[in-house]
Amino acid sequence: MLYEFRVLGALPAATDETFPELRAVTFCGQAIFYGDVIDEAHLFGLLARFRWRGMCVAEMRPLLGVCSSV
């Protein structure tokens with residue numbers, strides 16, 4: 001399922017290495033990550049990596065009705 005994660009602040013360096021399965025853009029002062037989340041374990045693993053990088057996830061949501069060909 002395709003998910004979106006909105007993180008407070010600008011896009012940090014080396015996000016490609018930390019989140020190879022997600023795409024990232026910056027919009028209105030927020031870093032927005034999106035990509036396929038396979039299951040609950042994968043979701044919690046992503047959240048742990050955000051925390052490990054010191055990033056504050058302001059919003060997380062599944063993108064229902066959106067094609068997941070990211």
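The numbers here are math on the coordinates, done by the rules we state, and not lab data. Worth saying up front: this structure is predicted, and the values here are computed from it rather than measured. Every residue, glycine as well, gets a Cβ built from its backbone with ideal geometry; the counts of neighbours run over all protein chains shown.
Using only side-chain charges placed at the Cβ, +1 for Lys and Arg and -1 for Asp and Glu, the dipole size of the chain relative to its Cα centre rounds to 240 debye.
Of the GluC sites (Glu not before Pro) in the chain, the ones in a loop by DSSP (not H, G, I, E or B) with at most 15 other beta carbons within 10 Å are GLU21. Considering helices alone, the calculated mean residue ellipticity of the chain at 222 nm is -6500 deg cm²/dmol, with DSSP H runs of length four and up weighted by -39500 (n - 2.57) and normalised per residue. For GLU4, the residues whose amide H sits under 5 Å from its own are ARG61, LEU63, ignoring neighbours fewer than 5 places away on the same chain, with H placed 1.01 Å from N. Angle between the Cα long axis of helix 40-52 and the longest principal axis of the chain, 0 to 90 degrees, nearest 10? It is inclined by approximately 10 degrees.
Taking amide hydrogens as placed 1.01 Å from N in the peptide plane, the amide H of ARG53 sits under 5 Å from that of no residue at least 5 positions away in sequence or on another chain. Site pair PHE44 and GLU17 shows an inter-label distance of 2.8 nm when each label is modelled 7 Å from Cα along Cα→Cβ. Considering only PHE19, PHE33, PHE44, the Gaussian network model of the chain with Cα springs below 10 Å gives its largest mean-square fluctuation to PHE44.
Of the residues ALA48, ALA13, ALA24, the one that moves most in a GNM of the chain with alpha-carbon contacts below 10 Å is ALA13.
Pairwise alpha-carbon distances in the stretch 2-62 exceed 18 Å for 21% of all pairs.
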